[in-house]
Amino acid sequence: MNDSPGWASPGSAPSDDQEAGIPKPSSPVDEGGPAGQWSPAQPPPGRWTPPAAHGTTPPAPGRGGTPPGPGWGGAPMAAKPGVIPLRPLSVGEILDGAVSTMRAHWRTVLGVSLTVSVFAEIVVILVQRYLLPEPTSVDPNAEGAEALRQATDSAASQLLTSAPGTLIAMIATLVTTSVLTVVISRSVLGRGVTLSEAWAEARPRLLPLLGLTLLLSLMSAAIMAVGLFPGLLLGGGAGGIALAFVGLVAACGVVLWLMIRFTLAAPALMLERQPVLTALRRSAKLVKGSWWRTFGILALTYLLVIIVSLIVAVPFGIIAVTVDSDGLSEFLNSSSSDFGWPFLVITGIGEVIISTLTYPFTAGVMALLYVDQRIRREALDLDLARAAGVPGYDTAGN
């Protein structure tokens, strides 16, 4: 058996309307069962008396009395070999598991996220300093078709300006997500992993993960283009602008629905060694019936990421403006991208800190959300417990 949560073949999972490989309780012995298991002479049935009749009450589970279990109607404690208990997880347990992974394996987690963040930010700073073209100026007094043309040119210029940074951030996210997903999958089992081991296991999946990311990006771009196209055909009149706005809102809704539906494709691709299209189908199957829950968890995750980003970015931005007196005017003046070196370096350090903290957190939430959905739909906790060597689980039969 492997060490990662991708053991069960997706083709035999209950989400495919099959339940092979998942233990079931044994059937009760009926009247035709083997004789001789019970003595022919049985004691008379006793009478049950409520404990209150004797002036006593049952001890509270887990408070010095009997441990929680079937004796008092409670559920037995779930095994927890690693950062999460092996049962369906609450939202808090998913978030806590991501943070616990960062704390338990901080050398590996911070090693990969810090290295990738520093390299990516250096490239971004160099691109901003030397390669970006001057943004298109916009005349605030322009009207009619001229104002629409300038707005269109400005939007195209800003898109071109942000494209290199977006591409670099996407590649950095791919690398960190691939490596950290391996680390998190081991932490679920209570096992550590070195950076070299995580990289060796993640490296063969980088190209498929890149293909998945590009496919989702192209899919989103195509949907946005289709939504805007009817409005653009009508030109710059009020009707065209209104139709373009409606199309944009509808396209954003469709893109959001698809991105949540396919949000578990990356963990499935990494941990199950699935090809791109199969990973998309796996994600759709795991999210089915849990779209709003998945959306809520991801919304809370990115809200926390935004809060952390602001907490770090605001002080570094103030320091950057204080050190580089021209930085604020250049930052506010959209007609120039000639930022000073002090401004770029200080804000770059803040971005590195933000990325180092948020990359592992978001990757951890994604991986644990995937594990949680498989536990809920496919009883993955049984395979996890066996792989972790939890007492009471048969390891020889698998």
With r defined as the distance between the Cβ atoms of Ala313 and Leu277 and R0 fixed at 35 Å, what FRET efficiency is calculated, to the nearest 0.05? 0.40
In whole angstrom, note down how far apart the Cα centers of segment 241-290 and segment 194-238 are. 11 Å
So how do Ile346, Ile184 line up by other beta-carbon neighbours within 10 Å, fewest first? Ile346, Ile184
Per DSSP, loop trypsin sites (Lys or Arg not before Pro) in segment 246-295 with at most 13 further Cβ within 10 Å: Lys288
Per-residue Cβ neighbour rank within 10 angstrom, fewest leading, Val246, Val118, Val312: Val246, Val118, Val312
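Any read-out appearing in this document is the output of simple, stated calculations on the displayed coordinates, not a laboratory observation. Just so it is clear, the model here is predicted, and its values are computed rather than measured. All Cβ positions, glycine included, derive from the backbone under ideal geometry; neighbour counts span all protein chains shown.
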